[in-house]
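Values quoted throughout were computed directly from the atomic coordinates according to the rules given, and no laboratory measurement underlies them. Remember, predicted model here, so these are calculated numbers, not experimental data. Reconstructed Cβ throughout: ideal geometry from the backbone, glycine too, with neighbour counts over all protein chains shown.
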Amino acid sequence: MKQGNKQLGSGRKHLTTRVALALGLTASANFFLTSCSNNDDLRPSIPAAKSPIVAPDLTAACPIRDSGIKTLVTKGTGLAFNGASFGNVGTYTYVLAEATATLSASDYCASMIVDAPNAADANGTVSYKFDVVILTPTDPNKANGTLLYEVNNRSNTPSFAALNDGTGQNLFDNTQPFIPAATTGAVAGVGAGNGFLMRRGMTIVWSGWQGDRPQTLAAANASISTTQKWYPPGMTLPIAKDPVTKGSITGQVQDEFIADNGTSSLLGTYYARAVNTPATLTVRKTPLAAPITVDASLWTYTAGNGAAEGGNTTLNGYGFVTINRAGIRSDPKYAVALDAGSDNGSIYHFNYTATDPRPFGLGFFGYS
């Protein structure tokens with residue numbers, strides 16, 4: 001395991017071992033699963049692909065064999081929760097790292113991950129990176145041997161927050177919750193909260209797996225502090241190209257917007273829209289109702305730079321649609337799509353030609 005530019009102190013020499021063991025358990029599990037398919041006679045029969053781009057249908061498991069994490073570079077490490085101690089376990093250490101993984105496009109089952117073979121380099125290798133955040137007891141002898149991997153949702157960590165009666169996305173604060181007998185004076189847990197997981201010596205791991213979520217640990221150094229309490233785990237995936245022309249892949253995409261108030265008017269797209277291609281906006285009252293095409297004068301599309309995640313409604317996203325909801329509500333021809341004149345709950349769909357897809361299925365593969 002590469003340690004990057006920062007070296008771990010001699011007092012923490014076992015930290016590297018524990019991280020390696022955690023990864024080793026995952027690697028061993030993957031090795032066991034893939035080794036079961038080393039006999040070609042046991043490989044599932046893969047039907048013909050629907051096209052050079054669309055993956056074939058498969059009803060049986062197809063283990064990937066030629067893949068793995070190549071490097072795990074530590075970007076920062078230190079005491080978590082401002083050095084708080086958790087019972088007999090003591091303090092916790094955080095590890096902030098970046099993993100680099102690869103998949104061979106020639107793997108028998110690689111085609112099961114949509115667009116993965118089309119994202120390979122000239123050597124037939126699909127390379128991708130993702131952030132990794134680890135919490136583990138500073139004293140390795142106090143670890144209980146159990147690893148909790150939480151699949152974060154857009155970097156949110158609700159399970160960690162709920163189990164500790166604290167807050168997610170915070171590896172610095174350590175405020176214990178307090179519920180008084182009186183009706184006033186209650187204190188909400190912050191950060192580590194009551195330390196339920198830490199007092200039991202658990203090792204907790206998060207990693208980036210949503211391919212449109214930008215990485216935050218790509219820089220050379222990182223640390224937890226009063227001003228940087230969390231690094232939202234992100235992922236960097238290669239862009240898939242047409243296997244024949246090697247040009248951009250395009251396809252039809254539909255993004256949805258349902259308002260739950262009277263003021264929201266921005267629909268963020270989850271892909272980049274191909275330049276100079278047609279697009280439509282529709283509205284309907286229910287999922288089964290016929291859509292009504294919204295006049296182009298009642299909406300505008302603004303392209304973004306793609307620096308932020310999909311669905312972002314700023315110029316840093318892939319793009320967004322500004323909907324003139326007041327104009328739609330006032331036009332009688334859209335009345336059937338409204339509820340007594342209100343479009344709260346009405347379903348808006350933006351239909352457009354997207355370009356430059358990425359093999360998002362690698363996100364599931366990366367943490368499995």
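Amide H to amide H distances under 5 Å link Ala240 with Arg358, where only residues 5 or more positions off or on other chains count and H is placed in the peptide plane.
Electrostatic tally near Gly124: other residues with Cβ closer than 13 Å to its Cβ, Lys and Arg +1, Asp and Glu -1, net -3. Considering only Val126, Gly83, Gly185, the residue lying farthest towards the positive end of the dipole of the chain is Gly83, judged by Cα position with unit charges set on Cβ. In terms of surrounding Cβ atoms within a 10 Å radius of their Cβ, Leu72, Leu288, Leu171, Leu96 rank from fewest to most as Leu288, Leu72, Leu96, Leu171. Taking every C-alpha pair closer than 8 Å and separated by at least 6 residues, the mean separation divided by the residue count of the chain gives a relative contact order of 15 percent. Remark: Ser248, Ser346 ranked as Ser248, Ser346, counting other beta-carbon atoms within 10 Å and listing the fewest first. The mean of 1/r over all pairs of different alpha-carbon atoms in the range 250-355, once inverted, gives a Kirkwood hydrodynamic radius of 13.9 Å.
Pairwise inverse Cα distances across the range 243-300, averaged and inverted, put the Kirkwood hydrodynamic radius at 14.1 Å. For Thr167, Thr263, Thr314, the sequence from fewest to most other C-beta atoms within 10 Å is Thr263, Thr314, Thr167. The range 303-322 and the range 77-137 have Cα centres lying 26 Å from one another. Which whole-angstrom value gives the distance between the alpha carbon centres of the range 193-207 and the range 247-297? Spelled out, the Cα-based centre of one part sits 42 Å from the other.
Helices in the chain, meaning DSSP H runs of at least 4 residues, each add -39500 (n - 2.57). Divided by all residues, the mean residue ellipticity at 222 nm is -3500 deg cm²/dmol. Hey, got the dipole for the chain? About the Cα centre, +1 on K and R Cβ, -1 on D and E Cβ, debye to the nearest 20? Here the chain has a charge dipole of around 840 debye. Per residue, the Cα convex hull of the chain amounts to 194 Å³.
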